[in-house]
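This report concerns only the one structure given below.
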Amino acid sequence: MTQNAQSHPSEPVLRTRNITLKFGAIQVLSDISFDIMPNEILAIIGPNGAGKTSVLNCLSGFYRPQQGSILYKNKDLTKLPSHRIAELGVGRTFQQIELFSGLSALDNLLAGRHIRMKMGLLWGAIYFGKTRNEELKHRRAVEEIIDLLEMQPIRHAHAGVLPYGLRKRVELGRALALDPEVLLLDESMAGMNVEEKEDMARYILDVHDLKKIPLVLIEHDMGLVMDISDRVIVLEYGRKIAEGTPDEVKSNKKVIEAYLGS
Amino acid sequence: MYLPCGTFNESYRLDSAIVRTKAHVAWCLAGLVFCLLLLFSGSTYLIHFATLTAITIISALGLQVLTGYAGQFSIAHAAFMAVGAYTSAILTYHGVPLYLSLPAAAVVAGVVGLIFGLPSLRIKGFYLLMATFAAQFIIMYIITHWQGLTKGEFGHPAPTAIQDERAYFILVMVCLVAFTIATKNILRSKAGRAFVAINNNDLAAELMGISLYRYKLLAFFISCLYAGFAGGLYAHFYRMVMPEAFSLHSSMWFLGYLLVGGLGSVPGTYFGVILIMGLNEGLTNGFAVLINIYPEVTRFLAPFRQVVFGLVVILFLIYEPRGLANSWEKLKKYLHLWPYPYWP
Ligand SMILES: Nc1ncnc2c1ncn2[C@@H]1O[C@H](COP(=O)(O)OP(=O)(O)OP(=O)(O)O)[C@@H](O)[C@H]1O
Ligand SMILES: [Mg+2]
């Protein structure tokens, strides 16, 4: 995992520098800089349309910022295609769930292991010896995630027909299947009732304890954010207006204004 | 997931096995017995028909990988078959043995497929269908006009050392089994999972680390590999290749087999090809008999054969859009509860 980072605990895992993103005349992000530290839970908060999802989209290569750089493992992510960024160990979930809805939950997770699979096509077509062992190895890895997220009953259910909360969970599982070294979670708990939210928060904390990787989460529920995160970044109109521990952010004037004003 | 009574998943290995239930074993045995019966029946007509059907299934399995698994449409499948057919015919004509010419046919068709698969990186769905439409015409234009190589419209001889049709039938059946197993295996491999992921949600697939570029082209390559191999088998079956055997019409029928059989399903591919080819053969024979009895009426009705086919596909699209494979699943569920829920 992040051995490199663990040997220098103060070194950021990922550095975002002066990101500016425009769509035509719309300025979506202005001069955003922040670091992701090893093994932290970093929350990004802000009113609707502040640009939170856009930040994650820049990190995963789905949006291309006009200026700025995102340094991770000595590479600038703004210049890499999305699938290469995933290969470097950046996993994510989506605000609008993006599952492989025609596949079972299990197959969604197995598809998530893509970058960890090695056997080429020819071996795959033969499915014998090495290939079978590889498939079984990945199956075992995926079953561990299924146990962790308590998805046993829905293992073979079609992902597309599952209720909302469970689809969110399958999506988290699929991101975990990638064995991510940084995990980006876009509103994992939005649209859930209190009980479901608490479950999801518990899963996220379990994942964090087990994997010891930095988590970046976008969340609207302030109570929850302040409870589980180590550090908080506040965005408003595409600008970073505050950054710090939950307590620092809570007492920040600009933040209070942004939230009361919106 | 539906499993019959008495079948237990005791390990991950069992859960991901292909031949899983007693019924699967029974189907394999039934297939074997059927082939043996055909061989001992000594009916050249039946053996011919079965060989042709099996070759068509191999080719259709290839399109299944491209369209059923990876979700990329192609209406040039017969043209890719033609590339394989001509490659193998020309090679054997110059003395290359069949066991080398067939793999060569597959690879050459695969590479041609790779080239014509390039538009898939830019366009999807209906637009891709139109782009492959162009591939069909370009390939067939080259084949009919490059007379120095292909001997043009008069056809190119495709000699083979296997003269006995029963021996050829066995060869084709062995190939069919191999390609069927490969198609099933691909689905649980890295590439197969990538194909299905792209088909389901290309955005998510890319953000899970799947290179769309690489896997779309790979799907075209594999699909045309099957087509090329089947094309080679087809050429040596008739010992002659003619361009008109690989028309746009037959390319469309390959999509028809998948639609009727069920996209993405290997048994569905079998169902689709057997149903449509069987229907065609039945209608042809029926008309041949009728024309002696009611020549006038039959001559009037003859053009309606095409109408019958069109109707079959339309009815499937309306009533069973997921194909015969889905009807089969429903039938299994029904039989599972009939007449008692627990049947050995
Ligand atoms: N592809 C795009 N094209 C044009 N404008 C965009 C695009 N993506 C985002 N935007 C704009 O950028 C702004 C920020 O959007 P973003 O989705 O990042 O907000 P958010 O903070 O995630 O909001 P929410 O809390 O509603 O999810 C919005 O005004 C949105 O309209
Ligand atoms: Mg958002």
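When region B:11-39 is filtered for residues that are modelled with pLDDT of 75 or more and either surrounded by 13 or more Cβ atoms within 10 Å (Cβ to Cβ) or not in a helix (DSSP H, G or I) (or both), the ones remaining, listed by number, are B:H24, B:W27, B:G31, B:C35, B:L38, B:L39. Within region A:78-106, residues that are more than 17 Å from A:P65 (Cβ to Cβ) have Cβ atoms under 6 Å from residues that are of a type in the set (V, I, T) and within 16 Å of ligand 1 (Cβ to nearest atom) in these pairs: A:Q95/A:T53, counting only partners at least 6 apart in sequence or on another chain. Mind checking whether some residue in region A:187-203 is in contact (Cβ under 8 Å) with a residue 60 or more places away in the chain, at negative phi and more than 16 Å from ligand 1 (Cβ to nearest atom)? Checked against the condition, which is being in contact (Cβ under 8 Å) with a residue 60 or more places away in the chain, at negative phi and more than 16 Å from ligand 1 (Cβ to nearest atom), region A:187-203 yields no hits at all.
Restricting A:L205, A:L224, A:L217, A:L210 to residues that are modelled with pLDDT of 90 or more and either open to solvent by less than 60 Å² (accessible area, probe 1.4 Å) or more than 24 Å from B:L207 (Cα to Cα) (or both) narrows the list to A:L217. If the condition is being open to solvent by less than 10 Å² (accessible area, probe 1.4 Å) and in a strand (DSSP E or B), then region A:35-52 contributes A:I36, A:I41, A:L42, A:A43, A:I44, A:I45. Residues being open to solvent by less than 30 Å² (accessible area, probe 1.4 Å) and either hydroxyl-bearing (S, T, Y) or within 16 Å of ligand 2 (Cβ to nearest atom) (or both): count how many of those fall in region A:233-257. Selection size over region A:233-257: 4. Within region A:206-262, being basic (K, R) and within 16 Å of ligand 1 (Cβ to nearest atom) holds for A:R239, A:K240. You will find that of B:I142, B:I115, the residue that is open to solvent by 50 Å² or more (accessible area, probe 1.4 Å), in a helix (DSSP H, G or I) and closer than 24 Å to B:D202 by Cα is B:I115 and no other. Evaluate region A:186-195: report whether one residue or more is more than 16 Å from ligand 2 (Cβ to nearest atom) and open to solvent by less than 10 Å² (accessible area, probe 1.4 Å). Scanning region A:186-195, I find no residue that is more than 16 Å from ligand 2 (Cβ to nearest atom) and open to solvent by less than 10 Å² (accessible area, probe 1.4 Å), so the answer is no. Only one of the listed residues (A:T16, A:T93) is within 13 Å of ligand 2 (Cβ to nearest atom) and among the hydroxyl-bearing types (S, T, Y). That residue is A:T93.
Among the residues of region B:181-205, those identified as surrounded by fewer than 19 Cβ atoms within 10 Å (Cβ to Cβ) and within 22 Å of the chain's Cα centre (by Cα) are B:I181, B:K184. A single entry from B:N280, B:N326 fulfils the requirement of being under 26 Å from B:A50 (Cα atoms), of a type in the set (S, T, N, Q) and open to solvent by less than 50 Å² (accessible area, probe 1.4 Å): B:N326. Can you tell me how many residues in region A:53-78 are outside any strand (DSSP E or B), away from chain B (no Cβ under 13 Å), more than 8 Å from ligand 1 (Cβ to nearest atom) and among the hydroxyl-bearing types (S, T, Y)? Residues flagged as outside any strand (DSSP E or B), away from chain B (no Cβ under 13 Å), more than 8 Å from ligand 1 (Cβ to nearest atom) and among the hydroxyl-bearing types (S, T, Y) within region A:53-78 amount to 1. Would you pick out the residues in region A:85-99 that are open to solvent by 40 Å² or more (accessible area, probe 1.4 Å) and facing another protein chain (nearest Cβ under 8 Å)? The answer is A:E87, A:E98. Taking the criterion of being more than 22 Å from the chain's Cα centre (by Cα) and within 8 Å of ligand 1 (Cβ to nearest atom), the residues of region A:15-31 that qualify are A:F23, A:G24, A:I26.
For region A:43-67, filtered to residues that are under 16 Å from the mean Cα position of the chain (by Cα) and more than 18 Å from A:L88 (Cβ to Cβ), the residue that is nearest to ligand 2 (Cβ to nearest atom) is A:T53.
What about A:G46, is it more than 17 Å from A:R15 (Cα to Cα), touching a Lys or Arg at 6+ places or on another chain (Cβ under 7 Å), more than 8 Å from chain B (Cβ to nearest Cβ) and within 16 Å of ligand 1 (Cβ to nearest atom)? Here the answer is yes, as A:G46 does meet what is asked.
Considering each of B:Y213, B:Y226, B:Y234 in turn, give the residue that is of a type in the set (F, W, Y) and open to solvent by 60 Å² or more (accessible area, probe 1.4 Å). Step by step, each of B:Y213, B:Y226, B:Y234 is checked, and only B:Y213 is of a type in the set (F, W, Y) and open to solvent by 60 Å² or more (accessible area, probe 1.4 Å).
The values are calculated or read from the model by the stated rules, or taken from the named source; none is laboratory data. Quantities reported herein were computed from a predicted structural model and do not represent experimental measurements. Positions of Cβ are generated from backbone atoms using ideal geometry, with glycine treated the same way; all protein chains shown enter the neighbour counts. What goes into the accessible areas is simple: the full protein's heavy atoms, side chains included, and nothing from ligands, DNA or RNA. Shrake-Rupley method; radii C 1.70, N 1.55, O 1.52, S 1.80 Å.
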